[in-house]
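Read through the structure below, which is laid out as structure tokens, and then see the notes.
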Amino acid sequence: MSAKRRSFRRRPRRTWLVFALFAGLALLRLGHDRWQGVPQPVYEPPLAEGEYDVVRVVDGDTLLVAPPPGSAQAHRREIRVRLLGIDCPESVKPNHPVEPWGREAAEFTRQFVSGGAVRLRFDKRRLDQYGRYLAYVFVADKMLNEELVRAGMAYVSVYPGDSESMTRRLRASEQQAREARRGVWSRQSVRPAGKR
């Protein structure tokens with residue numbers, strides 16, 4: 001009688017195992033059929049350095065650009081670019097007052113890129129925490145990041161790993177602005193809390 005009990009106990013285990021295997025295969029097939037028609041995210045290659053058309057100036061240190069027609073990345077529409085290594089006073093931050101020199105910095109940037117085309121150059125950090133591309137922005141041989149700092153419209157704000165040569169250029173321009181008391185370094189300006 002004990003022999004019968006043992007064989008009786010083994011058979012249900014095998015039956016449950018076979019049932020679980022078929023159920024798993026059925027669920028797998030159902031899941032495959034369900035997700036087969038769903039579009040998958042498309043891999044975007046990294047943004048290439050080079051020429052871009054300016055769509056709009058958001059504020060002193062942020063631009064919207066688009067690749068020129070016919071370029072390899074022409075399928076991309078507007079690309080948000082944050083100027084690398086600097087921080088301009090705020091002029092459009094939601095729920096935040098306009099800071100002294102914020103509007104002037106935005107106008108400086110508008111004038112600088114008024115030709116409509118810029119050249120982007122990247123460093124090790126390519127994106128910030130908001131998904132904006134970080135770049136040094138050039139018009140001809142002049143770098144917007146550097147010119148904003150030199151005019152006293154921005155502070156230098158670098159991070160470990162940023163280009164040492166670019167950091168030296170930006171710091172030298174900031175020193176010039178400080179000595180000449182331009183913009184944010186003028187006597188009536190006070191550096192906002194939290195600025196580096």
Go through (1) in contact with a Lys or Arg (Cβ under 6 Å, 6 or more places away or on another chain); (2) in contact (Cβ under 8 Å) with a residue 40 or more places away in the chain; (3) small (Gly, Ala, Ser) one by one and return the number of the condition residue 131 breaks.
(1)
Options 92, 81, 42; residue that is within 26 Å of residue 174 (Cβ to Cβ), among the aliphatic types (A, V, I, L, M) and at pLDDT below 90
92
Which of (1) under 10 Å from residue 59 (Cβ atoms); (2) part of a loop (DSSP other than H, G, I, E, B) does residue 109 not meet, given it meets every other one?
(2)
Give me the pairs: first residue in segment 137-148 and assigned by TED's automatic domain parsing to the domain that holds residue 165, second residue part of a loop (DSSP other than H, G, I, E, B) and crowded, with 16+ Cβ neighbours inside 10 Å, beta-carbon distance under 6 Å, and six or more apart or on different chains, which are they?
145/85; 148/154
Being among the hydroxyl-bearing types (Ser, Thr, Tyr) and surrounded by fewer than 17 Cβ atoms within 10 Å (Cβ to Cβ) is the filter; apply it to segment 114-140 and report the residue that is modelled with the lowest pLDDT.
130
Filter segment 165-193 for residues that are surrounded by fewer than 12 Cβ atoms within 10 Å (Cβ to Cβ) and either at pLDDT 95 or above or farther than 22 Å from residue 96 by Cβ (or both) and give the result.
165, 168, 179, 187
From the list 80, 121, which residue is among the basic types (Lys, Arg), farther than 19 Å from residue 150 by Cβ and in contact (Cβ under 8 Å) with a residue 12 or more places away in the chain?
80
Hey, can you tell me all the residues within segment 97-106 that are in a loop (DSSP other than H, G, I, E, B) and either among the polar types (S, T, N, Q) or modelled with pLDDT of 80 or more (or both)?
97, 99, 100, 101
From the residues in segment 141-164 that are of a type outside the set (Ser, Thr, Tyr), surrounded by fewer than 16 Cβ atoms within 10 Å (Cβ to Cβ) and in a loop (DSSP other than H, G, I, E, B), which one is modelled with the highest pLDDT?
141
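The values are calculated or read from the model by the stated rules, or taken from the named source; none is laboratory data. Keep in mind that this is a model prediction, so the values were computed, not measured. Counting neighbours? That spans all protein chains shown, and the Cβs are built from the backbone with ideal geometry, glycine included.
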